[in-house]
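> Dropping the structure in here first, questions after.
The values are calculated or read from the model by the stated rules, or taken from the named source; none is laboratory data. Please read these numbers as outputs of a predicted model, since none were measured by experiment. FYI the Cβ positions are ideal-geometry reconstructions off the backbone, even for glycines, and counts take in every protein chain you see.
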Amino acid sequence: MSTSVDEVRADTIPWYRRPRVLDVVGLLARLFLGIVLVVAGFAKVGRPLTAQRAVQAYEIMPMGLAGYVGLALPFLEIVLGALLVLGLFTRPVAIVSTLLMVAFVIGISQAWARGLTIDCGCFGGGGQVGAADTKYPQEIARDASFAAAGLWLWWRPRTLAALDRVLFGH
Amino acid sequence: MAKNTTTQGKAAAGSRQAKIQAARKSGGSGGANKIVVATVVLVVAIIAVVAGVVWTQASQKNAITGGGNALPPGVTALGAGFPAFPDVTPAPGAPTLDLYEDFQCPACKAFEDQLGSTIEDLAKAGKVKVVYHVKNFLDDNLRNDWSTKAANAAFCAADAGKFQEFHDQAYAHQPSEGEGFTDAQLKSFAQAAGISGAALTTWQQCYDAGKYVDYVNSVETKSFKDGVRGTPTVKLNGKELDLQQVGTPELFTQAIQNATK
C-alpha cells in the first residue's frame, strides 16, 4: 500500500527516510508530556487557595504575584497539555513546556538549597511538610523526565498522528 | 494508493516538495494558513487562561462569610489568636504557647492525641498560656467547608465558656480526611462539651449565623502572612517548636519548663 509511496518519497526527499520509529517516539513523548500537564492542571483547578499557597511556599516571588501565578498555572498547564495531545504547534508548545519544567526544577532546587521543607505541589497539594517528608530528589527527577520529553519534541517536533501534519502537511 | 506507480509517486513527491517550498515562501499558502491558525490558537489560549483566573477568583469570593467584625471572647483583633482557659490565672513567667491547627487536619489530631492532655494539664495549672489560632485552609484543598464550620462552632462554644471541651470533642471524633463533619455532629460536640438548654439554643443561633466565620478567615490570612505554612505549627514564646524533638509528654513538659522565666 503506502509503503511503495514512502519508498519513492524517501528517494527524492532524504529527510523523510528517517525511521518511522522516531515519529512514534515523538508521539509517545507528546502524549506523555501532554497527559501529565493536563492531569497536573486539572488537579489544581477548583482549589484556588491551595494553588496560590503552593506557589507562595517557594518564597521566590512577592506574595501577590505568586498568588496570581498559582491561579494561572493550572489553566496554562491544561492549554499546553491539550495542544501537545493534539499535536498542534508541537515545537513552540514543547519549547514553552520544557522551559516550564526547567523553571519547576529550579524552583524545587532553590527550596531544597534554602532549607525550606515544602511539597512541590506539582499535582495539587503543596505547602509546608515535615522535614522528614520532603521528596526533593524524586520531584526533581520526575520533572526532569517531563523536560526530557519536551526536549525531544523541541529537537524533533515531527510526530505520528499530529494535527500539525493534517493542517500544515509537514 | 496501491495503484501508484513509481513515476506517479515521484511526480506526487515532486509537487509536494514544491508545495512545501511555496508554503515556506508565502508563509503557509500550501495548507491551512499557519499564521492565521497560530493567531487563533494563541488568542484562544490566552482567553482560556485569563478566563480561568477570573472565574477562580470569582468562585473564591463565594466562599462562606459571616459575622463581620465579631470576635470570640478574649480576642483583641481580627487575625489574632484565641486565648484559651480564661479562668486560669497563669503563674508569673509562664510562657505563651501558640497552637496553629485546622479541625480537618489529621496531623493535628495526631498531635492532640499525643500531647493534647499534657498541654491541657499544664495550662490548667497556670504553667503555660495557650493561644489557639484556628485555621481553615484545608477547606480549599478538600473542597468542603467543614474546617470553617467546625471552627465557627468552636468559637460559638467559646461564648458559652466551652471552647476547650468542644475542641477536644472535635479532635476525638475527627472524620477521615475529606469526609468532613456534619451539622448534627458539630451540635453533638457542643452538647458533649456541656452546653445545654438556653445556652445550646444560643450556640445553635451562633452556629447558623456563622458568627465567627469572618474571624476564622482573618486568622487564616494573618497566620499565613506570619509564616505559618502548615498545621500543626506550635510556637513557644514565638519560636517554632520542632515537634519531633518534643514528641512525648515528658519532653514537651521539659520544653515548657525551660521556657519559663
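> Among the numbered criteria (1) farther than 26 Å from A:Ala132 by Cα; (2) within 14 Å of chain A (Cβ to nearest Cβ); (3) charged (D, E, K, R), which single criterion is violated by B:Glu220?
Tallying (1) farther than 26 Å from A:Ala132 by Cα; (2) within 14 Å of chain A (Cβ to nearest Cβ); (3) charged (D, E, K, R), B:Glu220 fails exactly one: (1).
> Quick one: is A:Arg114 surrounded by 15 or more Cβ atoms within 10 Å (Cβ to Cβ) and either β-branched (Val, Ile, Thr) or under 30 Å from B:Thr233 (Cβ atoms) (or both)?
no
> Among the residues of the range B:32-43 satisfying the criterion of being more than 7 Å from every other protein chain (Cβ to nearest Cβ) and surrounded by 12 or more Cβ atoms within 10 Å (Cβ to Cβ), which is modelled with the highest pLDDT?
Checked the range B:32-43; the qualifying residue modelled with the highest pLDDT is B:Leu42.
> Only residues that are loosely packed, with under 15 Cβ neighbours inside 10 Å and either within 14 Å of chain B (Cβ to nearest Cβ) or within 20 Å of A:Gly70 (Cα to Cα) (or both): list them for the range A:17-34, please.
The answer is A:Arg17, and nothing else.
> Just a yes or no: is a residue in the range A:96-107 farther than 25 Å from A:Val21 by Cα, small (Gly, Ala, Ser), touching a residue at least 40 places away in the same chain (Cβ under 8 Å) and out of contact with any Leu (no Cβ under 6 Å at 6 or more places or on another chain)?
Yes, there is a match, as at least one residue in the range A:96-107 is farther than 25 Å from A:Val21 by Cα, small (Gly, Ala, Ser), touching a residue at least 40 places away in the same chain (Cβ under 8 Å) and out of contact with any Leu (no Cβ under 6 Å at 6 or more places or on another chain).
> How many residues does the range B:228-256 contain that are touching a residue at least 12 places away in the same chain (Cβ under 8 Å), in a helix (DSSP H, G or I) and either more than 12 Å from B:Val128 (Cβ to Cβ) or not small (Gly, Ala, Ser) (or both)?
4
> Here's another thing I want to ask about it. Using the structure shown, decide if B:Glu220 is in contact (Cβ under 8 Å) with a residue 24 or more places away in the chain, assigned by TED's automatic domain parsing to the domain that holds B:Ala94 and assigned to a helix (DSSP H, G or I).
Yes; evaluated as a whole, the condition is true for this residue.
> Restricting attention to the range B:108-123, and to residues there that are without any contact (Cβ under 8 Å) to a residue 60 or more places away in the chain, out of contact with any Pro (no Cβ under 9 Å at 6 or more places or on another chain) and surrounded by 15 or more Cβ atoms within 10 Å (Cβ to Cβ), which single residue is nearest to B:Phe82 (Cα to Cα)?
Among those residues, the one meeting the criterion is B:Glu120.
> Any chance you could count how many residues in the range B:170-192 are under 21 Å from the mean Cα position of the chain (by Cα), assigned to a helix (DSSP H, G or I) and surrounded by fewer than 22 Cβ atoms within 10 Å (Cβ to Cβ)?
Number of matching residues: 4.
> A further question follows. Every residue in the range A:117-143 that is surrounded by 14 or more Cβ atoms within 10 Å (Cβ to Cβ) and in a helix (DSSP H, G or I), please.
A:Tyr136, A:Glu139, A:Ile140, A:Arg142, A:Asp143
> Given the criterion at pLDDT below 95 and surrounded by 24 or more Cβ atoms within 10 Å (Cβ to Cβ), identify the matching residue among B:Asp139, B:Asp145.
Working: B:Asp145 fails: surrounded by 24 or more Cβ atoms within 10 Å (Cβ to Cβ).
The unique qualifying residue is B:Asp139.
> Taking the condition within 11 Å of chain B (Cβ to nearest Cβ), buried (at least 21 other Cβ atoms within 10 Å of the Cβ) and of a type outside the set (Phe, Trp, Tyr), does A:Gly150 pass?
Considered against the rule, which asks whether it is within 11 Å of chain B (Cβ to nearest Cβ), buried (at least 21 other Cβ atoms within 10 Å of the Cβ) and of a type outside the set (Phe, Trp, Tyr), A:Gly150 comes out as no.
> Identify all residues within the range A:57-70 that are surrounded by fewer than 23 Cβ atoms within 10 Å (Cβ to Cβ) and assigned to a helix (DSSP H, G or I); write none if there are none.
Those that are surrounded by fewer than 23 Cβ atoms within 10 Å (Cβ to Cβ) and assigned to a helix (DSSP H, G or I): A:Met63, A:Gly64, A:Leu65, A:Ala66, A:Gly67, A:Tyr68, A:Val69.
> Here is a follow-up. Among what's in the range B:45-67 and is under 25 Å from B:Val216 (Cα atoms), out of contact with any Asp or Glu (no Cβ under 7 Å at 6 or more places or on another chain) and small (Gly, Ala, Ser), pick the residue that is modelled with the highest pLDDT.
Looking at the filtered set, the residue picked out is B:Ala58.
Quick grid of which residues meet (1) of a type in the set (A, V, I, L, M, F, W, C); (2) over 15 Å from B:Val216 (Cα atoms):
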site: B:Glu101; (1), (2): no, no
site: B:Thr118; (1), (2): no, yes
site: B:Ala151; (1), (2): yes, no
site: B:Cys156; (1), (2): yes, no
site: B:His167; (1), (2): no, no
site: B:Ala192; (1), (2): yes, yes
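> With the requirement that a residue be surrounded by 15 or more Cβ atoms within 10 Å (Cβ to Cβ), closer than 30 Å to B:Lys162 by Cα and aliphatic (A, V, I, L, M), what does the range B:46-80 give you?
B:Ala63, B:Ile64, B:Ala70, B:Leu71, B:Val75, B:Leu78, B:Ala80
> Being modelled with pLDDT of 90 or more and in contact with a Phe, Trp or Tyr (Cβ under 7 Å, 6 or more places away or on another chain) is the filter here; which residues of the range B:239-261 pass it?
B:Val246
> Next question. Go through (1) of a type outside the set (A, V, I, L, M, F, W, C); (2) outside any helix (DSSP H, G or I); (3) farther than 18 Å from B:Leu71 by Cα; (4) within 14 Å of chain A (Cβ to nearest Cβ) for B:Asn141 and report which single condition fails.
(2) is the only condition that B:Asn141 fails.
> Of everything in the range B:177-187 that's of a type in the set (Gly, Ala, Ser) and in contact (Cβ under 8 Å) with a residue 12 or more places away in the chain, which residue is nearest to B:Ser147 (Cα to Cα)? Break it down stepwise before answering.
So in the range B:177-187, the residues of a type in the set (Gly, Ala, Ser) come out as B:178, B:180, B:184.
Right, trim to in contact (Cβ under 8 Å) with a residue 12 or more places away in the chain and you get B:178, B:180.
Details: B:Gly178: 10, B:Gly180: 8 Å.
My answer is B:Gly180.
> Give me a count of the residues in the range A:85-100 that are assigned to a helix (DSSP H, G or I) and closer than 16 Å to B:Val40 by Cα. Working first, answer last.
Narrowing the range A:85-100 to residues assigned to a helix (DSSP H, G or I): A:85-86, A:90-100.
Okay, now just the ones that are also closer than 16 Å to B:Val40 by Cα, so A:86, A:90, A:92-93.
Counting residues in the range A:85-100 that are assigned to a helix (DSSP H, G or I) and closer than 16 Å to B:Val40 by Cα gives 4.
> Can I ask one more? Across the range B:105-130, what is the total count of residues that are over 21 Å from B:His173 (Cα atoms) and out of contact with any Lys or Arg (no Cβ under 9 Å at 6 or more places or on another chain)?
Count: 8.
> Select from the range A:124-156 the residues that are closer than 18 Å to A:Leu37 by Cα and modelled with pLDDT under 95 and list them in ascending order. Show your work before the answer.
Step one: of the range A:124-156, the residues closer than 18 Å to A:Leu37 by Cα are A:124-126, A:138-154.
Listed by number, the residues that qualify are A:Gly124, A:Gly125, A:Gly126.
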